[in-house]
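The block underneath contains the structure these notes are about, expressed in structure tokens.
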Amino acid sequence: MMSGMPQPAFYIFKCQQSAPPGMPKPSCVSQSNPESQELFQHLGQSLMRKGIIATALPIQTGCLSRCQQGPVILVEPGHTMYVNLTKEKIDRIVEEHIVGGVVVQEYVIADEFWGEPTPPASLV
């Protein structure tokens with residue numbers, strides 16, 4: 001029998017990058033969008049309400065290089081990036097993808113902005 005914390009089934013990386021006021025580049029956490037400042041906390045609360053925070057781990061991260069589509073999260077395993085997040089979208093992602101196992105396709109980044117990963121070995 002295992003004791004302690006279980007290995008998470010999911011790691012949910014939430015971009016917390018914030019550009020300084022006046023920067024022309026968009027960011028996932030914006031001073032002009034108060035909801036964007038609350039999304040990481042909302043994600044954690046949503047996972048806690050479901051009782052799955054130990055197996056679906058939210059992680060704050062810096063820039064995930066998809067600023068034009070932010071706010072964004074990256075769900076692993078699966079390498080699934082969700083874009084243009086709101087609290088309502090996060091709740092649906094938790095319910096359908098994390099609990100139900102079905103990717104919420106309508107919130108997934110478009111292929112032209114994501115595509116297939118580039119293996120490091122192909123660059124050397």
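Here are some notes:
- The range 48-90, residues that are in contact with a helix residue (DSSP H, G or I) (Cβ under 8 Å, 6 or more places away or on another chain), over 14 Å from residue 114 (Cα atoms) and among the charged types (D, E, K, R): 50, 87, 89
- For the range 8-22, filtered to residues that are at pLDDT below 95 and buried (at least 18 other Cβ atoms within 10 Å of the Cβ), the residue that is nearest to residue 79 (Cα to Cα) is 15.
- All strands (runs of 3 or more DSSP E) inside the range 23-124 with 3 or more residues being surrounded by 15 or more Cβ atoms within 10 Å (Cβ to Cβ), of a type outside the set (A, V, I, L, M, F, W, C) and at pLDDT 95 or above: none
The values are calculated or read from the model by the stated rules, or taken from the named source; none is laboratory data. A quick note: this is a predicted structure, and the numbers were derived from the prediction, not measured. Methodologically, a virtual Cβ is constructed for each residue, glycine included, from the backbone with ideal geometry; neighbour enumeration extends over all protein chains shown.
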